[in-house]
Amino acid sequence: MKHPGKTAIAALLLAGSLAAAGPPGPLEANWESLKAHYQYPEWFRDAKFGIFLHWGLYSVPAHGSEWYVRHMYDDPGTIQWHIAHFGPPDKFGYKDFIPMFTAANWNPAQWAGLFRRAGAKYVMLTAEHHDGFALWDSALTKWNAARMGPRRDLVGDLGKAVRAQGMRYGVSNHRVEHYSFIRPAAGLKTDLEDADCADFYSVAGRSPEAYAKFLADWVARNKELIDKYRPDTLYFDNGVNPRQLDPQKLEVAAYYYNRALEWKKQVSILTKDDAYLAGSIRDYEREQRGPVTMQENPWEVDDSVGHRWGYLTNDSYWRVGDIVWRLVENVSRNGNLLLNFGPRPDGTFDDTQTQLMLGIGAWLDVNGEAIYNTRPWTKFGEGTAIDNKPAYSGGDIRFTTDGDTLYAILMAWPGEKAVITSLGSGRNLKGRIGKVELLGHQGALGFTQDAQGLTVAMPAERPCEHAFALKVTGLKLRE
């Protein structure tokens, strides 16, 4: 995101002068205070799997990507597609999608029930994307879903439904990128500077003062989200990465964590790269950006079941196995998987996305014991390293633990026997293996142990698809 070079510092100082005081509490708006007071939420360590939702005006054209608001004004191909389907952008601009974003068939209780059946422990809705349209009932902007389009508080209604199902609820705010996100092509006639929508697009009248007010408004919108919905997580996209935005980021963090102390809740900000030097869980976008080694602190990958994040009419999707493998890989390394789905503008999911949710839920019904509430072992696994298109063999195994119970998750069916070399005799293991079970299978399995490893006799029938969790008890893992 580009900022107004020479005037950036003045704008930031002005934004700070416009900021309101935060609630009383021990956290101050500086890195030292965050380092001293922040703690990773235990519920996040336990949850492992969450559902992310990109839902907004971009779901209406459902073309290209969720960046439609940028591309319809600057990309020749998208401009032509837009003209062919909706008309020229000076006659039908991005704002004109608002009446078409209806949520007419949306039932938040049904969504929440589906997410619970998918095995999610937390849900996060994109409360505002780069396009600047807020999905909550905001007193700070008229461009919100409670006043226009659906005429419902989408953030609030979903939060109530999700929490009623026993899941945690977070919000994602991408607004900080909005100020310079729309960059119209030279000579293109648009509606971007029309007086009735200039405050929506943030294109007209850019100046140090305008940027300062934008930043102050970003802080205020976050505080409004925090106070109205008490989110368990607050996620920021890459736009918050620059160090010059530290005063605003610190103000929001101190406000959020002091509020959470009042609520007696464990909460956390989620950010990428080094956006926050303290007080945040590290998030990685897409699987290839996640750690491939064991990590001391909890982390998360946010990834999408589709090629893009918002709903597209012609998108391609993962398979259930892809989700299972990514989840297991992350959890074995002390990470979570936040998996994105894109609803249609009427508030429904297409059948493929629904079946993917039910598919991962079915796998977790059998194997959730090896995922939820677990912690890493001394090593994440044996066999091949992480791969975006894995060709796993029966020798590829990932480990998780719960107390003194060790789970060895076989990434592929090994055939008649599974060999776990990390559990061979002479490996300095404490305790003695007393039982080996296969989750989803009745009864203990036969096994032998020698210097080559622990050899387990596998049953004839598989209890599930995609990955198979052996439960090993008798060792002393916590001594």
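I'd like the FRET efficiency for residue 75 and residue 295, computed as 1/(1 + (r/R0)^6) with the beta carbon distance as r and R0 of 30 Å, rounded to 0.05.
That pair, residue 75 with residue 295, gives E of 0.20.
Given the options 143, 257, 359, identify the residue whose Cα lies farthest towards the positive end of the charge dipole of the chain (+1 on Cβ of Lys, Arg; -1 on Cβ of Asp, Glu).
Projecting each Cα onto the dipole axis, the largest value belongs to 257.
Place a +1 charge on the Cβ of each Lys and Arg in the stretch 91-248 and a -1 charge on the Cβ of each Asp and Glu, then give the dipole magnitude about the Cα centre in debye, rounded to the nearest 20.
In total the dipole reaches around 620 debye.
Please work out the Cα center distance from the stretch 155-181 to the stretch 94-129, rounded to the nearest Å.
If we compute the Cα centre of each part, the gap is 10 Å.
Can you list the trypsin sites (Lys or Arg not before Pro) in the stretch 199-232 that are in a DSSP coil and have 15 or fewer other beta carbons within 10 angstrom?
Qualifying residues, ordered by number: 206.
Cβ under 11 Å from residue 119's Cβ, residue 119 left aside: what net charge do those residues give with Lys, Arg +1 and Asp, Glu -1?
+3
List residues of the stretch 202-246, by number, whose backbone nitrogen lies under 14 Å from a label position 7 Å along Cα→C-beta of residue 163.
Hits in the stretch 202-246 for residue 163 at 14 Å: 225-233.
What distance in nm lies between label points placed 7 Å from Cα along the C-beta direction at residue 100 and residue 83?
Once both label points are built, they end up 1.7 nm from each other.
Roughly how many debye, to the nearest 20, is the charge dipole of the stretch 77-154 about its Cα centre, given +1 on each Lys and Arg Cβ, -1 on each Asp and Glu Cβ, and no other charges?
Roughly 320 debye, rounded to the nearest 20.
Using only Cα atoms, locate the centre of the stretch 75-92 and the centre of the stretch 188-222, then give the distance between them in Å, rounded to an integer.
Cα centroid to Cα centroid, the span is 22 Å.
Taking the simple approach of a point 7 Å from Cα along Cα-to-Cβ for both residue 362 and residue 452, what is their distance in nm?
Simple spin-label model gives 3.6 nm for this pair.
What ranking of 215, 125 emerges when the number of other C-beta atoms within 10 Å of each C-beta is taken as an exposure proxy, fewest first?
So the ranking, lowest neighbour count to highest, is 215, 125.
Calculate, in nm to one decimal, what residue 461 and residue 473 gain on full extension: separation in residues at 0.36 nm each, minus their alpha carbon distance.
So the extension gain works out to 2.1 nm.
Any idea how far the Cα center of the stretch 369-436 sits from the one of the stretch 244-295, in Å?
Using only Cα atoms to place each centre, the spacing works out to 31 Å.
What is the sum of charges around residue 356, taking Lys and Arg as +1, Asp and Glu as -1, for the other residues whose C-beta is under 14 Å from the C-beta of residue 356?
Local net charge: -3.
When the convex hull of the Cα atoms of the stretch 249-338 is projected onto a plane and the area is averaged over all directions, what value comes out in nm²?
Directional mean of the projected Cα hull area for the stretch 249-338 stands at 7.5 nm².
Starting from the Kirkwood Rh over alpha-carbon pairs, what translational D in µm² s⁻¹ does the stretch 117-237 have by Stokes-Einstein at 20 °C and 1.002 mPa s?
138 µm²/s
Report, as a whole number in µm² per second, the diffusion coefficient that Stokes-Einstein gives for the stretch 381-475 at 20 °C and 1.002 mPa s using the Kirkwood radius over alpha carbon pairs.
159 µm²/s
Any idea what Rg and Dmax come out to for the stretch 242-284 if you just take the C-alpha atoms, in Å?
Both quantities, over Cα of the stretch 242-284: 10.8, 31 Å.
Quote the convex hull volume per residue of the stretch 312-428, based on C-alpha atoms, as a whole number of Å³.
Considering the Cα atoms of the stretch 312-428, their hull volume per residue is 126 Å³.
Quick one: length gained pulling residue 151 to residue 432 fully straight, 0.36 nm per residue minus the C-alpha distance?
That works out to 95.0 nm of additional length.
So the label point goes 7 Å from the Cα of residue 404 along Cα→C-beta, right? Which residues of the stretch 463-479 then have their backbone N under 19 Å from it?
471-479
Using a simple charge model, +1 on the beta-carbon of Lys and Arg, -1 on the beta-carbon of Asp and Glu, nothing else, what dipole does the chain show about its Cα centre, in debye to the nearest 20?
In total the dipole reaches around 880 debye.
Starting from the Cα gyration tensor of the stretch 193-233, multiply each eigenvalue by 5, take the square root, and state the resulting semi-axes largest first in whole Å.
26, 12, 6
Would you kindly work out the equivalent ellipsoid of the chain from its C-alpha gyration tensor and give its semi-axes, the square roots of five times the eigenvalues, largest first in whole Å?
Values for the chain, descending: 44, 26, 19 Å.
Report the trypsin sites (Lys or Arg not before Pro) located in the stretch 71-126 that are in a DSSP loop and have at most 12 other Cβ atoms inside 10 Å of their Cβ, or state none.
91
Using just the Cα positions, wrap the stretch 15-105 in a convex hull and report its mean projected area in square nanometres, one decimal place.
11.4 nm²
How much of the DSSP beta bridge set in the chain is antiparallel, as a percent to the nearest 5?
Of all bridge pairs located within the chain, approximately 45 percent are antiparallel.
For every other residue with a beta carbon closer than 15 angstrom to the beta carbon of residue 460, add +1 if it is Lys or Arg and -1 if Asp or Glu, then tell me the sum.
Around residue 460, the surrounding residues sum to 0.
Which of the trypsin sites (Lys or Arg not before Pro) across the stretch 232-274 are loop residues per DSSP, with 15 or fewer other Cβ within 10 Å?
264, 265
Excluding residues fewer than 8 places away in the same chain, name every one of the lysines whose C-alpha is closer than 30 Å to that of residue 213.
2, 6, 35, 91, 95, 142, 189, 223, 228, 249, 272
Bear in mind that the values in this text are calculations on the coordinates, not laboratory data. Predicted, not measured: the structure shown is a model, and the values here were computed from it. Cβ sites come from the backbone with ideal geometry, for glycine too, and all protein chains shown count toward neighbours.
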